[in-house]
1. Per residue, how large is the accessible surface of the chain? Use a 1.4 angstrom probe and give square angstrom.
2. Let me see the pair-distance distribution of the range 15-76: every alpha carbon pair, 5 Å bin width, integer percents in order.
3. Taking each full run of DSSP H in the chain as one helix, which ones are at least 27 Å long along their axis (Cα atoms) and have mean Kyte-Doolittle hydropathy of at least -1.0?
4. Could you work out what % of the accessible surface of the range 11-111 is carbon and sulfur, using a 1.4 angstrom probe and leaving DNA, RNA and ligands out of the count?
5. Calculate the translational D of the chain in whole µm² s⁻¹ from Stokes-Einstein, where the hydrodynamic radius comes from the Kirkwood formula applied to all Cα pairs, the temperature is 25 °C and the viscosity 0.890 mPa s.
6. Under 19 Å from a point 7 Å along the Cα-to-Cβ line of Phe31: which residues of the range 46-74 have their amide N that close?
7. Within the range 12-79, report the trypsin sites (Lys or Arg not before Pro) that DSSP leaves as loop and that have at most 11 other Cβ atoms within 10 Å.
Amino acid sequence: MLDFGVVDTFYQGFTSVLVVLLWYYFLSGLFNWKSVLKILVLTFFWGVLSVFVADFILLIMVLINFASQFIQKKSLNYDKSGILLLVVIIQVLIGNIAMFLGRMSVRGLYNVSNLMGVLDVS
């Protein structure tokens, strides 16, 4: 049986990477219908990998991007690297804000100071 935490982690990683790659390709001027298929395949790969490394998936993406640029061209393309970093930073900020708002709404709805108090232990 598949643990719910694994599925949840996959969905979180999948959507985070999907948003980052869609914005990166769009802002880099590389977005077309062929790239949508490439984005979906890459997103699935990164989503599966995010099950194992969870929150470090975006850092690993950035580091692999930098390493591939150094290996292929022996230099860093500052425009594309800057776009990727900007998109990743915005994604992390939006994720943190969403998590904060979710926790505050649960806290307000159930009037608990600790989210573990929401669990129904029978």
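The values are calculated or read from the model by the stated rules, or taken from the named source; none is laboratory data. Just so you know, these numbers come straight off a predicted model, no measurement behind them. Here the Cβ is made from the backbone with ideal geometry for all residues, glycine too, and neighbour counts use every protein chain on show. All accessible areas refer to the heavy atoms of the entire protein, side chains included, with ligands and DNA or RNA removed. Shrake-Rupley method; radii C 1.70, N 1.55, O 1.52, S 1.80 Å.
1. 74 Å²
2. P(r) over the range 15-76, rounded to whole percents: 4, 17, 23, 25, 21, 10, 1.
3. Once both thresholds are applied, what remains is 4-28, 33-53, 78-110.
4. The nonpolar share, carbon plus sulfur, comes to 73 percent.
5. 149 µm²/s
6. Output list for this probe position: empty.
7. Listed in order of number, the matching sites are Lys74.
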